[in-house]
1. Restricting to Cα pairs below 8 Å that are 6+ residues apart, what does the relative contact order work out to for the chain? Please round to a whole percent.
2. Can you compute the FRET efficiency between Asp130 and Leu84 using 1/(1 + (r/R0)^6), with r the Cβ-Cβ distance and R0 = 35 Å? Round to the nearest 0.05.
3. Using the Karplus curve 6.51 cos²θ - 1.76 cosθ + 1.60 with θ = phi - 60°, work out ³J(HN,Hα) for each residue of the range 100-105 in order, rounded to whole Hz, and write x for Gly and Pro.
4. Scan around Asn213 for amide H atoms under 5 Å from its own, H built in the peptide plane at 1.01 Å from N, and keep only partners 5 or more places away or cross-chain.
5. In whole Hz and in residue order, list the ³J(HN,Hα) couplings for the range 237-244 that follow from phi through the Karplus curve 6.51 cos²θ - 1.76 cosθ + 1.60, θ = phi - 60°; x for Gly and Pro.
6. Consider the candidate values (1) 30; (2) 43; (3) 37; state which one is percent of Cα pairs over 28 Å apart computed from the structure displayed.
7. Show me, for the range 80-92, the HN-Hα J-couplings you get by feeding each phi into the Karplus relation (A = 6.51, B = -1.76, C = 1.60, θ = phi - 60°), rounded to Hz, glycine and proline as x.
Amino acid sequence: MCCAQAAPNDAKPLPDVATLLHDVEARQKEMDKIQKDYIYKEDSKEEELDKDDSVKKTNVEQHEIFYVGKHEITRLLQKDGHDLTPEEARKEQERVDKEIERAKKKEAKEDPNKDDISVETFLRICDFTDPRREVRNGRDTIVFDFHGKPDAKTNGIGQNAVKKVAGTLWVDEAGRAVTRLEVHFTDTFKVGGGLVASIQKGSWLIIDQGLVNNELWLPTSVEANFTGRVLLFKGFRDHQINHYSDYRKFRAKTSITLADPNANDK
């Protein structure tokens, strides 16, 4: 289902990409503070593919997701459509309790921005083209394409990955938040020179987000298709689809409203 359309020709001038991304970065920091109060469900389906892209194995799970600071915590609720047994649920809760404690310790010690790729870095590593305005789910959205610069100087795994991808970014104009991201690898990405892992050219990822309670944007769906290798020996071809729902707050009873949770512009 397509829910995006071009904006009228007489639309107001577009903001430049750098200004827009700095606004998005500032808004995301505000939302990170609110995000820790939310909990929601993830329904995931992972398909293991053979060399002809036929499905060899399927795993279906349901998780509950919440945050300790910026650290995501997941709790398994169902596997292959079945609730956990009491013993499985007890072990899972013990695992989650340990994850929470580890996250709390990390949150107290870590620089909260240490793993982030700053806007300045993103602007330096990528070229940006074709800025335009679309109406998406009834809201004005700024859209632009980006492409990593193969010769850009980078530092760390995250930056090295960015220069090997291209894609399109949708930003809600009023909310200054990312509503959709499509990205694919334009070259094979290697970790440790390929000794640790590699992701093949053509692997792709799509993320959609929706507005919750008119205060923050949270994921509604994620779809990915990755081909690669781990430790030179184990190859993988995976297709994964995640859907997110049942957004609610820990500390306050509230009516949760999600803007078009099933939107998919592919």
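1. Numbers: 524 pairs, mean separation 53.7, N = 266.
Relative contact order comes out at 20 percent.
2. The pair Asp130/Leu84 has a calculated efficiency of 0.15.
3. Here the 3J(HN,Hα) series is 4, 5, 4, 5, 4, 5 Hz.
4. Counting only residues 5 or more places away or on other chains, the set is Thr257.
5. 9, 10, 10, 10, 10, 10, 10, 10
6. Identified label for the calculated read-out: (2).
7. Values per residue, Gly and Pro as x: 6, x, 10, 5, 5, 5, x, 5, 4, 5, 5, 5, 5 Hz.
We did not get these values from a lab; they are worked out from the coordinates using the rules stated. This one's a predicted model, so the numbers in the text were calculated from it and none came from an experiment. Because the Cβ atoms are built from the backbone with ideal geometry, glycine has one as well, and the counts that use them run over all protein chains shown.
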